Amino acid sequence: MDSTAPLLIFYARNDALGDGLLRLPALRAARTAFPQSHIVYGTMGNSSLTGVLRKHVASLIDDFRPVTPLSAVLAEFKPCGGQTTLVDFRTGVPGLLVTGLQLIGRGVRYEPNFAGYMLSWRPGVRWTLRPEHNAWRYHRLVERLAGRHLPFDHRLNVPQAARALSRQLRGADQRPLILLGGNAKGNKFMGDAQVAAVAGNLIDAGYRVLYLVTPGSGPSPQTLAAKEPRLQLVGPELGLDAEAFSDLLLALGEMAAAYVGMEGGLGHLFATVMTPTVIINNGANMERWRPLSNTVEVVTAPRRGRSAKVSDTPAEAILEATHRLLAASRRDHALPR
């Protein structure tokens with residue numbers, strides 16, 4: 001790297017798919033505002049930005065350091081750079097306070113994700129509250145560094161090969177398409193009967209429903225085929241690697257009337273192509289984690305806390321939200337998707 005180039009380090013705890021997608025607007029804004037800087041992205045744990053999302057950030061990040069302590073990232077790069085700035089995406093008041101104290105006198109400008117930006121306040125800068133949504137919080141940190149408003153862009157590009165495959169999967173059936181996703185970790189997965197009931201109702205209403213078989217616990221293809229044989233499954237049988245399958249999902253999302261599924265990475269992925277979405281939430285803060293697709297209905301699981309399960313959500317509640325969303329889309333947008 002150029003030893004005179006300003007050094008801009010982003011650091012995060014870890015990035016599941018949704019976390020990585022919500023950081024994209026900030027990283028794009030940083031490359032726009034600081035084209036001459038050497039940008040490093042480090043994490044305490046693993047990062048989707050070095051995996052399935054890597055191609056989307058390849059032009060934005062010069063060096064990745066996943067599963068690397070912040071002290072090691074600073075030790076490696078700071079001696080090589082000119083002016084050094086650290087943007088800390090992590091949360092947790094004690095950890096941010098400790099990091100801020102450790103950086104005093106080390107010539108590092110520190111911009112942490114701290115309430116009211118109190119750890120990075122400077123004379124002449126107006127005090128403001130952080131935005132509620134995480135994606136805007138990350139983006140606002142970069143705007144504070146730049147001292148100006150910057151474009152906010154959370155979209156992903158869809159390869160033509162993925163579009164071609166999605167058209168092939170759709171075939172001649174031109175019924176409005178709905179994507180259904182129920183596989184997940186922890187208490188987020190949907191139940192067999194729940195998926196079958198939602199799919200059956202939507203198929204009866206004239207929609208074509210595709211169930212997306214993704215990693216995690218959830219309904220088995222065999223059980224779904226037995227409970228609702230009209231439901232089409234899309235997943236490992238296509239033989240695609242993770243990146244190609246992600247591209248296919250984006251292409252399907254472009255043509256879908258809606259995606260229905262649990263709160264998590266898939267909802268954020270479909271938001272990058274503006275798919276109308278119904279989210280089943282078992283406890284996440286929707287002000288902070290709401291998908292950025294603009295057209296979103298949220299269904300809340302009946303219980304809260306560690307015992308809350310997406311699979312406990314009545315199928316009737318999911319269908320009410322889905323039909324509301326579809327009716328609003330028909331009312332507000334005359335042209336079919």
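Tabulated values for the structure
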| read-out | value |
| --- | --- |
| Hull-based mean projected area of the stretch 213-295, where the convex hull spans the alpha carbons, in square nanometres | 6.2 nm² |
| Radius of gyration and maximum dimension Dmax of the stretch 227-269, Cα, Å | 11.6, 30 |
| Contour excess over end-to-end distance, with Cα ends at Arg303 and Ser220 and 0.36 nm allotted per residue | 27.4 nm |
| Percent of beta bridges antiparallel (DSSP, the stretch 178-258, rounded to nearest 5) | 10 percent |
| Whole-number Å³ per residue for the convex hull built on Cα positions in the stretch 80-196 | 236 Å³ |
| Diffusion coefficient, µm² s⁻¹, Stokes-Einstein with Kirkwood Rh over alpha-carbon pairs of the stretch 178-337 at 20 °C and 1.002 mPa s | 137 µm²/s |
| MRE, 222 nm, helices only [DSSP H, n ≥ 4, -39500 (n - 2.57), over the chain, to nearest 500] | -11000 deg cm²/dmol |
| Partner lysines for Lys188 [C-alpha distance under 25 Å; skip if fewer than 8 residues away on the same chain] | Lys227, Lys309 |
| Centre separation in Å (Cα based) which lies between the stretch 179-230 and the stretch 61-117 | 43 Å |
| Prolate/oblate/rounded call for the stretch 174-230, Cα gyration tensor, a/c under 1.5 rounded | prolate |
| 13 Å Cα-Cα reach of Lys185 towards aspartates and glutamates, excluding residues that sit fewer than 8 places from it in its own chain | Glu263 |
| Residue-count net charge about Gly116 - beta-carbon cut-off 14 Å; Lys, Arg +1, Asp, Glu -1 | +4 |
| Dimensionless Rg/Rh of the stretch 44-105 - Kirkwood Rh, Rg from C-alpha atoms | 0.99 |
| Prolate/oblate/rounded call for the stretch 13-151, Cα gyration tensor, a/c under 1.5 rounded | rounded |
| Pairs of Cα atoms farther than 20 Å apart, the stretch 245-337, % | 35 percent |
| Eligible aspartates and glutamates near Lys55 by straight Cα distance, threshold 17 Å, same-chain separation 8 or greater | Asp15, Asp19, Asp63, Asp153, Asp241, Glu243, Asp247 |
| Cα point-scatterer Debye curve for the chain, base-10 log of I(q)/I(0) at q = 0.07, 0.08, 0.14 Å⁻¹ | -0.33, -0.42, -1.10 |
| Average accessible area per residue (Å²) across the chain - probe 1.4 Å, nucleic acids and ligands excluded | 45 Å² |
| Estimated D of the stretch 138-237 in µm² per second, where Rh is the Kirkwood radius over Cα pairs and Stokes-Einstein applies at 4 °C, 1.567 mPa s | 80 µm²/s |
| Highest-MSF residue in the chain out of Leu129, Leu325, Leu248 [GNM, Cα springs under 10 Å] | Leu129 |
| Semi-axes of the equivalent ellipsoid for the stretch 1-57, Cα gyration tensor, largest first, Å | 21, 12, 9 |
| Within the stretch 273-289: backbone nitrogen closer than 19 Å to the His323 label point (7 Å, Cα to C-beta) | 277-280 |
| Within the accessible area of the chain (1.4 Å probe), percent carbon and sulfur | 54 percent |
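The values are calculated or read from the model by the stated rules, or taken from the named source; none is laboratory data. All values reported here derive from a predicted model rather than from experimental measurement. Cβ sites come from the backbone with ideal geometry, for glycine too, and all protein chains shown count toward neighbours. The protein model used for the area step is the full one, side chains on, heavy atoms only, and it has no ligands, DNA or RNA in it. Shrake-Rupley method; radii C 1.70, N 1.55, O 1.52, S 1.80 Å.
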